[in-house]
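Reviewing the structure listed below.
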């Protein structure tokens, strides 16, 4: 009998979409790169649309998962970390924030492995009481062009979960964002920085069994070692309720 494949839940974005006879329909969207990378890691990808009932009581949904992937997307609502919106903050989807914050917080409590990518890294920090820088200044953004992918190097803390997952020298990574980490949340440590510039590119929560956030789009690399590490954690580490 083949070994059981772990189930990885992937948070879906909420965006207007057009296809076939449907025009400007509000849709649950997940770039296929996420599910392909999860499948490549011999895990089962499951797309998770925002659900207010699960935001209120996330355990029934989390019972179905072995790992949680908080994916990229629009800006996190500044109200979730007690801030007023910057004029350049946009695309906020409060229902997605409620849903994914509830899943992230409860998954961390239950020691379910959690990976945050781009917006997902930012949301992971907010889930632990941290804040975001709503718009990076030109100095911080000089290697990142908002709205497009930029390739750059990252420096990872030796021995960190980030380095063990991505490799100590992951090579050029791909990013696109205009926000970053403000104050680190409770128990959250920075473990990766953009080169050049020093912008925080990876965070982790050492007192949790497996909790990692990366600002770069690790799913853009097929056979992604970061997503493979999430799948391995989901496969090998027991989940306690």
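Here are the numbers for the structure shown:
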{"quantity": "In the stretch 49-71, the residues that are crowded, with 23+ Cβ neighbours inside 10 Å and either out of contact with any helix residue (DSSP H, G or I) (no Cβ under 9 Å at 6 or more places or on another chain) or at pLDDT below 95 (or both)", "calculated": "none"}
{"quantity": "Candidate set: the stretch 82-113, residues that are at pLDDT below 90, touching a helix residue (DSSP H, G or I) at 6+ places or on another chain (Cβ under 7 Å) and closer than 20 Å to residue 14 by Cβ; chosen: the one surrounded by the most Cβ atoms within 10 Å (Cβ to Cβ)", "calculated": "89"}
{"quantity": "Residue count for the stretch 186-204, restricted to those that are at pLDDT 95 or above and over 16 Å from residue 167 (Cβ atoms)", "calculated": "6"}
{"quantity": "Single residue of the stretch 2-48 satisfying the filter (assigned to a loop (DSSP other than H, G, I, E, B), loosely packed, with under 15 Cβ neighbours inside 10 Å and on the phi < 0 side of the Ramachandran plot) that is modelled with the lowest pLDDT", "calculated": "2"}
{"quantity": "Some residue of the stretch 165-183 being surrounded by 14 or more Cβ atoms within 10 Å (Cβ to Cβ) and farther than 19 Å from residue 72 by Cβ", "calculated": "no"}
{"quantity": "Check on residue 78, modelled with pLDDT of 90 or more and touching a helix residue (DSSP H, G or I) at 6+ places or on another chain (Cβ under 9 Å)", "calculated": "no"}
{"quantity": "Search result, residues across the stretch 158-180 that are outside any strand (DSSP E or B) and in contact (Cβ under 8 Å) with a residue 40 or more places away in the chain", "calculated": "160, 161, 162, 164, 165, 166, 167, 170, 176, 177, 178, 179"}
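Rundown of residues vs (1) modelled with pLDDT under 80; (2) farther than 26 Å from residue 35 by Cα; (3) out of contact with any strand residue (DSSP E or B) (no Cβ under 9 Å at 6 or more places or on another chain), yes/no style:
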{"position": "137", "(1), (2), (3)": "yes, yes, yes"}
{"position": "175", "(1), (2), (3)": "yes, no, no"}
{"position": "206", "(1), (2), (3)": "no, yes, no"}
{"position": "209", "(1), (2), (3)": "no, no, yes"}
{"position": "219", "(1), (2), (3)": "no, no, no"}
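The values are calculated or read from the model by the stated rules, or taken from the named source; none is laboratory data. Please read these numbers as outputs of a predicted model, since none were measured by experiment. Please note: Cβ atoms are built from the backbone with ideal geometry, for glycine as well, and neighbour counts cover all protein chains shown.
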